[in-house]
Amino acid sequence: MILVWGISEDGPVRAVREALAREGEAPLMLDQFDVAQSDLSFAETDASDGWLTFGDKCIELSSITTVYPRPYESARVLKAAGEVDFEAAQHAAKFDDTLLLWLELTPALVVNVPSAMTSNGSKPLQSAMIAAAGFDVPDTLLTTDAQAAAEFRDRHGRVIYKSIGGVRSRVSLLEEQALGRIANGASPLQLQEYIPGTDLRVHVVGNEVFACTIESEAVDYRYPSTQPEEPRIKACSLPAMISDRCIALTRLLGLSLAGIDLRRGNDGRWVCFEANPSPGYTFYEQATGAGITAALARLLRSPEN
Amino acid sequence: MLLIVGGSYDAEARSAVAHLNRRPGPQRAALLDAADLSRPGWRLLANDPHGGSLVAEGKVLPVSDLTGVLVRRLAVYPEELQHVHADDRAYVASEMTALLAWWLRVLPVPVLNRPAGGILCGPGRRPEQWRVAARDLGFPVVLLRREATRPPVLPAIHTEIVAVGEEIVGEALQTQADCVLALSREANVPLLYAGFDEFGALVMAHSLPRLSVDLIEAVERYVELNRESDQSLAEWSTSPTTRVASNCVPAGAQP
């Protein structure tokens, strides 16, 4: 039995449920909007020994073979739903905590295990793992020092800055104004050499690889502000060596599903920026028609493979 | 120099630094607190973990001065950043945590313990996971049932010990010492606290023990013994232990 945990209308969650339904498989949908009616109990020493209840369902944990978790923080989901009761928020937090622990202990295949997703919380840490998987990574400086930042920019010509942690931030070219912020700054800053080239997004699902190119005049195509900056996404194929490297990176990170950001530099380098352990892949799939959802459904249906 | 990554509120860390620096000779220890992460002087190149500079106790230090690091925090918290505008504290705390999560992981000196599992003082396991690991290693553990609606009630801790490398700090039965040493080896962490109930079963383990004089001296010995042993990246050359799918669809591009 397949368990899906998240918000039922979330893009990837909805897509994979529909794909499974087309195959005659009805996954259990644990919707976070129903967290107030959810409960979980299991033995620490045997995570299969227990039950999960939600709505009018009571499920033996031993029957769950695979899990696709894509949760938001349940207390925030409740808030979004207009539920402001303190006890409900407390229950939601406890339920999340217990389910996250179960995901670490269960023998079921979890796509992806929460602890394996933590590398994405530190971009330079993940970058070190990316380098260990064989990819080029951009020259990077972590600093609180305006002079060091200026020297780094002078060495590379064009330099971008972006958040160090998991908070999504817009990638921007380093201008004088940002240098001034460092001088006054309270926060360390991450600077990277700017690598001109073509952006690619690669989704790895088990051993299957789906790649697309993204053309845009923006430094960060996720934040277009003009028509030429609008991303134009096209399916593409990868050299086998790069494809294999993407699979190796996904495995090194302990993941079964990843969205990997690459750039094919104008100088021929294959540079990897990061790997998203919970990718919103439907954005790319809608543009390319690639079968990412179908691959994920296959993976969830065949955990023994 | 031993760097203690703690907080200005951490009295045990401050005492430990003072204890080590009471000895004659050059400065032997320094405390890195959250405010240091805002001060100019951090210069770290991602491809050169041996080089660059850091800031501790308000002073800029070369990374090459460090002989070891003791990590005394799970994360940097917004509440520590009173020098930062209130609207920015959560973001800056997250950035500082992310910086340390990388740097302490790649630093080529002994680090007790390196960040892992989403916390700065790894490996980021929960008490339940330590108990399961101990049971799998053949040691007695307190058996509990986890329920979302009711927190587990833990028995009282009767015996407390800490593993520092292969050394045990504290008094315990041999089986208890064997248990904490086996757990620390299995998790590949040099520093591990373990608490046992009156019957000798493991109740709790974690990586943030109280910092006694005996413990800080054991940490110092560990650092001295392991100066030449760089384990910073070793784990990435091995397969992850997490279960991942290994379906047999041929690798290759699928446009």
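As a rough footprinting exposure proxy, the listed residues B:His19, B:His83 were ranked by other beta carbons within 10 Å of their own, and the order from fewest upward is B:His83, B:His19. Do any GluC sites (Glu not before Pro) in the stretch A:195-280 lie in a DSSP loop with no more than 12 other beta carbon atoms within 10 Å, and if so, which? Here the sparse-neighbourhood loop sites are A:Glu217.
One compactness figure for the protein assembly as shown is 0.99, namely its Cα radius of gyration divided by 2.2 N^0.38 Å. Against chain A, whose longest principal axis is taken from its Cα atoms, helix A:11-22 shows a tilt of about 50°. To the nearest Å, what is the center-to-center distance of the stretch B:45-101 and the stretch A:59-104, using C-alpha atoms only? That distance is 32 Å.
Taking chain A as a Gaussian network, Cα atoms linked when under 10 Å apart, which of A:Thr293, A:Thr106, A:Thr143 shows the biggest mean-square fluctuation? Taking springs between Cα atoms under 10 Å, the residue moving most is A:Thr143. Taking R0 as 25 Å, what's the FRET efficiency between B:Val213 and B:Ser8 from their Cβ-Cβ distance, rounded to 0.05? So, using R0 = 25 Å, E works out to roughly 0.75. Per residue of chain B, the DSSP helices (runs of n ≥ 4 H) give a summed -39500 (n - 2.57) that works out to -8000 deg cm²/dmol at 222 nm. Computed from the Cβ-Cβ distance with R0 of 22 Å, the FRET efficiency linking A:Glu151 to A:Asn266 stands at 0.35. Phi angles across the stretch B:155-168 convert, under the Karplus curve 6.51 cos²θ - 1.76 cosθ + 1.60 with θ = phi - 60°, into 3J(HN,Hα) values of x, 5, 7, 9, 9, 10, 9, 10, 8, 10, x, 9, 9, 10 Hz, Gly and Pro given as x.
Candidates A:Pro239, B:Ser53, B:Val142 compared by Cα position along the dipole of the protein assembly as shown: farthest toward the positive end lies A:Pro239, with charges placed on Cβ. Note on B:216-228: average number of Cβ atoms from other chains within 10 Å of each residue's Cβ is 0.
How would you classify chain A from its alpha-carbon gyration tensor, with a ≥ b ≥ c the square roots of the eigenvalues: rounded for a/c under 1.5, else prolate if a/b is greater than b/c, otherwise oblate? Cα axes put chain A in the prolate bin. Take every DSSP beta bridge whose two residues both sit in the stretch B:1-109; close to 40 percent of them are antiparallel. Counting only DSSP beta bridges whose two residues both lie in the protein assembly as shown, roughly 75 percent are antiparallel.
The label point for A:Ala81 and the one for A:Ala248, both projected 7 Å from the Cα toward the Cβ, are 4.5 nm apart. In order along the stretch B:85-97, the phi-based Karplus estimate (6.51 cos²θ - 1.76 cosθ + 1.60, θ = phi - 60°) of 3J(HN,Hα) comes to 4, 4, 5, 9, 4, 5, 5, 5, 4, 5, 5, 5, 4 Hz; Gly and Pro are listed as x. Extending 7 Å from the Cα toward the beta-carbon at both A:Asp97 and A:Ala132 defines two label points whose distance is 3.0 nm.
Rounded to the nearest 5, the antiparallel percentage of DSSP beta bridges internal to chain A is 80%. Computed over chain A with a Gaussian network model linking Cα atoms closer than 10 Å, the most mobile of A:Val67, A:Val271, A:Val84 is A:Val84. Kindly identify the stretch A:4-81 as rounded, prolate or oblate by the Cα gyration tensor criterion: order the square roots of the eigenvalues as a ≥ b ≥ c, call it rounded if a/c is under 1.5, otherwise compare a/b with b/c, prolate if a/b is larger, else oblate. Cα axes put the stretch A:4-81 in the oblate bin. Simple point charges give the picture: +1 on the Cβ of Lys and Arg, -1 on the Cβ of Asp and Glu, and for the protein assembly as shown a dipole about the Cα centre of about 820 debye. Exceedance of the 31 Å cut-off in Cα-Cα distance is limited, within the set A:Lys57/A:Lys234; A:Lys123/B:Lys59; A:Lys94/B:Lys59; A:Lys79/A:Lys234; A:Lys162/B:Lys59, to A:Lys57/A:Lys234; A:Lys94/B:Lys59; A:Lys79/A:Lys234. Between A:Leu174 and A:Val159, A:Ile160, A:Tyr161, the built amide H atoms are under 5 Å apart, and every one of these is 5 or more places off in sequence or on another chain. Largest GNM mean-square fluctuation among B:Pro24, B:Pro127, B:Pro110, using chain B with Cα springs under 10 Å: B:Pro24.
A cut-off of 5 Å between modelled amide H atoms, ignoring neighbours fewer than 5 places along the same chain, links B:Leu208 with B:Tyr193.
Look at the stretch A:100-113: the mean tally of other chain Cβ atoms within 10 Å of its residues' Cβ atoms is 3. When both the stretch A:235-302 and the stretch B:142-207 are represented by their alpha-carbon centers, they are found 40 Å apart. In order along the stretch B:107-117, the Karplus-derived 3J(HN,Hα) couplings, from 6.51 cos²θ - 1.76 cosθ + 1.60 at θ = phi - 60°, round to 4, x, 9, x, 10, 10, 10, 6, x, 6, x Hz, and Gly and Pro are given as x. The slack in the chain from A:Thr226 to A:Trp51, taken as 0.36 nm per residue of separation less the alpha-carbon distance, amounts to 57.8 nm. Under the shape rule built on the C-alpha gyration tensor, where the axes satisfy a ≥ b ≥ c, the stretch B:127-206 is prolate, since a/c reaches at least 1.5 and a/b is greater than b/c. Between the amide H of A:Ser187 and any residue lying 5 or more places away or on another chain, no distance stays under 5 Å, with hydrogens modeled in the peptide plane.
Once every DSSP H run of n ≥ 4 in chain A is given -39500 (n - 2.57) and the sum is divided by its residues, what mean residue ellipticity at 222 nm do you get, rounded to the nearest 500 deg cm²/dmol? Rounded to the nearest 500, the figure is -10000 deg cm²/dmol.
Quick note: the coordinates plus some simple rules give every number you see, no bench work behind them. Since this is a predicted model, take the numbers as computed values, not measurements. Positions of Cβ are backbone-derived with ideal geometry, glycine not excepted, and every protein chain shown enters the neighbour counts.
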